[in-house]
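What follows is a set of notes on a single structure, which appears directly below.
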Amino acid sequence: MVVQHYSLLNKLFFGFVICIWLIRLYNDLLLHQLNQPVLPYEGRDPFYWMMVGLQIPQFIVGSKLLSLAVDFLMLTSALGSLFFQRIKLFNILFVLSYFIYFFVFNTFLGHHFHSVGVLFVSLMFLFKKDSKRFIQAFELIRYYFYFMLCSAFLWKLVRGNLWDIDHFSNILKIQHVHFLQANPSHWKADMIVYLINNESLSYLLWLALMLLQGMFFIGFFTKKYDGLLLMSYLFFIVGSWLFMNILNLDNLSWFLVLLPFGFLVLSKNKAIKKGSLTP
């Protein structure tokens, strides 16, 4: 069923990617807009240690022309992948340029974000739709997405967050301290303060967010409830934005592996059947 919707998946994904690129352009978040930063952040990642040691990210952002070329290649390869689906060179160039952007941007941001949705989902489009490898790549990416959410659930469980009544209340204090100071009269500030002062309610919300992650264990055993998991991920995204002010646009691309393809095929067949009966 996935193969039948290859074109739709391709259009949704690269259309979404182009929108993200434009949003980053507007917010001055492309490489050529970083104004040649000089302080890289390696963190505790050996890959970043090696790349920074070789001066690769410094070399890219140190050249206005080179950083602009990476940004431009990212956009043009996405456009090429959108309109010329059979030419896989565009997909290869996009994966390469986006990887460079993702790595270099994280190096100079001062924090290594794990918003790998676009990077991982783009890999399946390296293969042709009639290739068995495309289906295998789709399944692998799907299971990795489930693993990511389930491991986050288990991490919270193992650390004892389930029994810590004031855990989410304390997180809200740390997460929103600057926002509360700068916007004390904002409606969101009122909501956050209310949750901080009502530990039982904030604890229930924390349990709900954990449950939304834990539900993805279902995906390892059946695809029958992918529609339910799609709604769960939607609620998780909305909850993360509403209560934690976290919205990783890249990770919205994971929705592609949750689309209810069985429903789409059934709807299409019904439409065709109805059209054939129309005089």
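Derivation of every value follows stated rules applied to the coordinates shown; laboratory data play no part. Everything numeric here is computed off the predicted structure, so don't read it as measured data. Ideal geometry is used to build each Cβ from the backbone, glycine not excepted, and the neighbour counts take in all protein chains shown.
Numerical summary
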| quantity | calculated |
| --- | --- |
| Two-decimal log10 I(q)/I(0) for the stretch 127-211, as the Debye equation yields it once each C-alpha is a single scatterer, q = 0.11, 0.15 Å⁻¹ | -0.49, -0.68 |
| Cβ-based exposure ranking for 71, 28, in which fewest neighbours within 10 Å come first | 28, 71 |
| Compactness index (Cα Rg / 2.2 N^0.38 Å), the chain | 1.15 |
| Listed pairs 129/223; 188/223; 156/188; 132/156 exceeding 31 Å between Cα atoms | 188/223; 132/156 |
| Estimated FRET transfer efficiency (residue 8, residue 187; beta-carbon r; R0 51 Å; 0.05) | 0.85 |
| Approximate spin-label separation residue 59-residue 34, in nm, with each point projected 7 Å along Cα-to-Cβ | 1.5 nm |
| Approximate spin-label separation residue 109-residue 159, in nm, with each point projected 7 Å along Cα-to-Cβ | 1.9 nm |
| Quarter of the Cα convex hull surface for the stretch 194-239, i.e. its orientation-mean projected area (nm²) | 3.3 nm² |
| Mean Kyte hydropathy of 1.6 or more with a Cα span along the axis of at least 15 Å, helices from DSSP in the chain | 88-109, 226-244 |
| DSSP loop chymotrypsin sites (Phe, Trp or Tyr not before Pro) with at most 12 other Cβ within 10 Å excluded, longest remaining stretch of the chain | 114-220 |
| Relative contact order computed over the stretch 131-271 (Cα-Cα under 8 Å; 6+ residues apart), in percent | 28 percent |
| For the stretch 1-127: relative contact order, % (alpha-carbon pairs under 8 angstrom, 6 or more apart) | 31 percent |
| The stretch 33-94-the stretch 111-165 distance, computed between alpha-carbon centres (Å) | 22 Å |
| Simple label model, 7 Å out from Cα along Cβ direction - residue 194 to residue 69, nm | 5.5 nm |
| The chain, relative contact order [Cα under 8 Å, separation at least 6], % | 19 percent |
| Reciprocal mean inverse distance between Cα atoms of the stretch 131-271 - Kirkwood radius, Å | 17.0 Å |
